[in-house]
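Inspection log for the structure reproduced underneath, given as C-alpha cells.
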Amino acid sequence: MKRFYLLTLVLVGSLLSGLGQQRWQLAPEGNGILLQNETGYLPYSDHIEMSGEQMAVVLRWGVTKEGAFNEERSLVFPMLRTIPNNTHASLMHRVGVDIPSLISVNGQSLSGEQVQQVEINGWVDVSSTFTIGTPNIGLGGSVGKTPALKLHRVIFPSMDKPLMAESYTLTNLSQRQQIVYVPSFNQEFVTLPERGVEGSYVISSSTTDSGTFILQPGDSLAFGAVFQAFRKGEKPLIVDVEKEKSVRRAFVEEMDGSLVLETPDEVINREFRFAKIRASESIFKTSGGYMHAPGGESYYAAIWANDQAEYVNPFFPFTGYEKGNASALNSYLHFARFMNDDYNPIPSSIIAEGKDIWNGAGDRGDAAMIAHGACRYIMERGDRGEAAQLWPLVKWCLEYCRLHLNEAGVVKSDCDELEGRFPAGEANLCTSTLYYDALRSASLLAAELGEGKEVQKSYARQADALAVAIENFFGADMKGFHTYRYYEGNEKLRSWICMPLIVGIENRAEGTIAALTSPALMTDDGLLTEEGSETFWDRSTLYSLRGIYIAGDTERANSFMHHYSTQRLLGTHVPYPIEAWPEGSQRHLSAESGLYCRAIIEGMFGLRPTGLRSFTVSPRMAEGWETMALRHVKAFGSDFDIDVVRKGSSLKVTVLNHSTGKKQTRSMKVASTENLSFKL
C-alpha cells in the first residue's frame, strides 16, 4: 500500500509540474504579486474582476510586445436593471478609452511607453515610463526623444458608489521642465429607454483635476479618471478619486486584519489572502438587502443555493466581515420565504434584487445545499438570535430531503449544481452527502437550541442510515478504483466523488483519493469534471482538496494545494480561483475564492463547528513544517488564534481567545485523524 501511495504522489507531482508558465512573482514588500519588465513576460494579456457595493468591473488588460499597457473596462451596474429583468439584467457596458493618450506634454502626445511593473494587491497598479519629443521652448532647442516621464496608475472600483476610478500620478524624470496638459474629458453613452427597467441610463467617462501644469525636474502631478453610470435625468457624481482609493485600501486592510494564515509556504499564505479579498468584495447593496453574488459579467444582485448558501456563506463568520455575515443571513432569509406546507422545491436562485426567482433546472438538490450551509453558518456565527431565525429553514430543508428519499434511501433530485451540463441521474452523490452532513450538524444544533434529546437522536439516526444507503447505492469499483459511482448507471469517473471525503465518510477514502489524483481526472489545471472530457471546474477541485486533507492524506493534499495555488496566483491568469473552462473563459467567480479558504480552514486545520461556542480541529501539517497558524479567527462570537506546533511525533494545538485571554492546549499524534475539542 505504501508503494502505491508513493507512486500516486509522484504521479500527482509530475502532472502538476507541467503547470502553465509562472509569469508573476511575490512582491517582496507588502502582500501583492508583481509582473516585472526584466522577467521577459511580454506580450501579456489577462482579465481580473473587482467589485464594490454598487458596481463590478472586469478589467481586460495587457502589455504589448513593445511594452505599452492597454485596457478595456467591462463595467457592470447591478442596480441599474435592464429588460428582461432576469438573472443577467445588470446594465453592462465596455469602455476602452486610453486616458494617457489624451495627455500632451510640450504640445506633443506621450509615446514610447515602457511598462516597468504591474502589481495586483486588491487593485491593479501599473508603473510606466514615456518618451516625448521636446520642442524648442527657449530651453536650448529640441533634444529629441528621451525617457522623460513616469506614469503611475491605480485601477479600482469604488467600494460604495456606482463607479470605478483610475488614479494617475505623472512625474518628470528629465532635467528640464515640462508643460503638461491634462484635458477636461467627458464621454457619455445613453441607452435606449425601452431597454431599461427605469428608462434610459447614462454611462459616463470623465477626467478629474484637468488643467495645464509646469512640472519642474522631479515634480509630480495627480489627476484621475472616473467611469460611472446613472439614470437619465440624474447628475453624475462629483468624485474625489484619492478618497475613493483610500476607502478601497481600507477594505483591503480590513481583510488583512482577520483570518490571517501563517504557514512556511508563502504562496499558499498569499493566495489565501487574495481569496479572502475576492470572496468578500462581491457583495452588493440591493433593494433586497446585501447580496453576495458570483459575478463574471452574468450573476449579480441575486443569490444561489450553491454559490451562496452552500459555498461562501459558511466562510464569512470566520472573517468577522460585517457585510459578509449580513449577506449570508439575508440569503437564507430570502430562501426561507419559499418554505411551503406541500414541500414543493425551494427555487435554485432568487434574482433581480429579490423580486423574482430562477428555477430553470428544477430541483438541483437545493434543499440539501441550503441545510448544509445554514447549519454550519449558524454554529460558526454563534449568534443565538440568528440561529432562532434560521432553524425553521433548516428543519424544512431536512424534511424536504427526507420526503424525497428513494427506495434505496438516498435523495432524489432533477439534477445537481451543474444543471444538466453533465448527467446526474435521478439521485446523485453530491445531494445525498450534503444532506448527510446537514443531518450531522442539525443533531448538534438541536442540542444547542433546546430541541430535546429525541430530536437530536432522530437526526443522528437518519444520518447513520443515510451513510449506509450512500455506501450501498453509490459505492462501486470504477476503473479499478474502490470509490463511488456518481449516479446509477454512471460508468465514468467524476470529480464530485470527493464529496463523501468532505463530510467524514471514509469507507472508500483511499480508493477515492487515488481516483481523484489519477490521470483519468487530474490535469495541469485541476480536476476534470468527468473522465475523458476537457472541462474543469475549480469548485470540485477545491472540494477535493478539502476532502483529501480531511481524510488525512496530508502530503498529497499539500503538494496538490501548493501547485494549484502557484497556478492561480503566479501563472498566466491571476490572482484568484476561477469558475471553469472552457465555459465562462475562467471567470473569477467570487464563491470559488470562499471555497479556497474553506479548503484551508476545514481541510488543512480540520476545523468543524460543534455548537454555537464550540468546535473541533484536526490539523494536517505537512512534513518539514514546524508551525502553522490561523490568526484572528472571528467565529463563535470570539476573536481567537489557532497555533499548531510540531513536538517530535506530536502536534501541539493551542487556541488563544483574544476576547477573554483564555488559552487552551491539546495534543495529538502527527498521523492521527483525531478531533480535538475546544469550547470558547
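The values are calculated or read from the model by the stated rules, or taken from the named source; none is laboratory data. Note that this is a predicted model, so its numbers are computed, not measured. We place every Cβ from the backbone using ideal geometry, glycine too, and count neighbours over all the protein chains shown.
Data table
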read-out: Qualifying position, being at pLDDT 95 or above, surrounded by 18 or more Cβ atoms within 10 Å (Cβ to Cβ) and under 21 Å from Trp496 (Cα atoms), among Ala368, Ala408; value: Ala368
read-out: Segment 411-423 - residue that is crowded, with 24+ Cβ neighbours inside 10 Å and at pLDDT 95 or above and, of those, nearest to Val468 (Cα to Cα); value: Val411
read-out: In segment 580-605, the residues that are in a loop (DSSP other than H, G, I, E, B) and either acidic (Asp, Glu) or at positive phi (or both); value: Gln586
read-out: Residue that is surrounded by the fewest Cβ atoms within 10 Å (Cβ to Cβ) [pool: residues in segment 503-525 that are of a type in the set (Val, Ile, Thr) and closer than 23 Å to Trp581 by Cβ]; value: Thr523
read-out: Residue match in segment 491-500 (condition: closer than 17 Å to His404 by Cα and either in a strand (DSSP E or B) or not assigned by TED's automatic domain parsing to the domain that holds Trp391 (or both)); value: no
read-out: Hits in segment 136-172 - residues which are outside any strand (DSSP E or B), modelled with pLDDT under 95 and surrounded by 15 or more Cβ atoms within 10 Å (Cβ to Cβ); value: Val143
read-out: Output for segment 436-463, where each listed residue is acidic (Asp, Glu) and over 33 Å from the mean Cα position of the chain (by Cα); value: Glu451, Glu454
read-out: Selection status of Gly62, modelled with pLDDT of 95 or more, within 30 Å of Glu262 (Cβ to Cβ) and surrounded by 16 or more Cβ atoms within 10 Å (Cβ to Cβ); value: no
read-out: Filter result for the condition that a residue is surrounded by 23 or more Cβ atoms within 10 Å (Cβ to Cβ) and modelled with pLDDT of 95 or more, over Ser432, Ser458; value: Ser432
read-out: Condition met for Gln462 (in a helix (DSSP H, G or I) and either touching a Leu at 6+ places or on another chain (Cβ under 6 Å) or outside the structural domain of Gly552 (by TED's automatic domain parsing) (or both)); value: yes
read-out: Meets criteria (part of a strand (DSSP E or B), modelled with pLDDT under 95 and not assigned by TED's automatic domain parsing to the domain that holds Glu266) for Leu19; value: no
read-out: Residue selected from segment 580-598 under the condition charged (D, E, K, R) and more than 15 Å from His292 (Cβ to Cβ), by the criterion nearest to the chain's Cα centre (by Cα); value: Arg587
read-out: Single residue of Cys415, Cys397 found to be within 29 Å of the chain's Cα centre (by Cα), closer than 27 Å to Leu493 by Cα and in contact (Cβ under 8 Å) with a residue 12 or more places away in the chain; value: Cys415
read-out: Single residue of Ile346, Ile357, Ile350, Ile370 found to be within 26 Å of the chain's Cα centre (by Cα), part of a loop (DSSP other than H, G, I, E, B) and in the same structural domain as Phe473 (by TED's automatic domain parsing); value: Ile346
read-out: Pair list, Cβ < 6 Å and 6+ apart or interchain, from segment 274-286 residues that are within 19 Å of Gly32 (Cα to Cα) to residues that are among the β-branched types (Val, Ile, Thr); value: Ala279/Val312
read-out: Residue in segment 333-343 that is among the hydroxyl-bearing types (Ser, Thr, Tyr), in a loop (DSSP other than H, G, I, E, B) and farther than 30 Å from Leu493 by Cβ present; value: yes
read-out: So Ser327, is it modelled with pLDDT of 95 or more, within 27 Å of Pro500 (Cα to Cα) and among the polar types (S, T, N, Q); value: no
read-out: Which listed residue, of Val633, Val670, Val653, Val645, is hydrophobic (A, V, I, L, M, F, W, C) and free of Cβ contacts under 8 Å to residues at least 24 places away in the same chain; value: Val645
read-out: Sole exception among (1) surrounded by fewer than 18 Cβ atoms within 10 Å (Cβ to Cβ); (2) touching an Asp or Glu at 6+ places or on another chain (Cβ under 6 Å); (3) not in a loop (DSSP other than H, G, I, E, B); (4) not hydroxyl-bearing (Ser, Thr, Tyr) for Gly362, by number; value: (3)
read-out: Odd one out for Arg508 among (1) in contact (Cβ under 8 Å) with a residue 40 or more places away in the chain; (2) within 15 Å of Leu429 (Cβ to Cβ); value: (1)
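Here's the yes/no breakdown for (1) more than 21 Å from Phe77 (Cα to Cα); (2) in a strand (DSSP E or B):
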residue: Ile203; (1), (2): no, yes
residue: Pro217; (1), (2): yes, no
residue: Gly224; (1), (2): no, yes
residue: Phe230; (1), (2): no, yes
residue: Val247; (1), (2): no, no
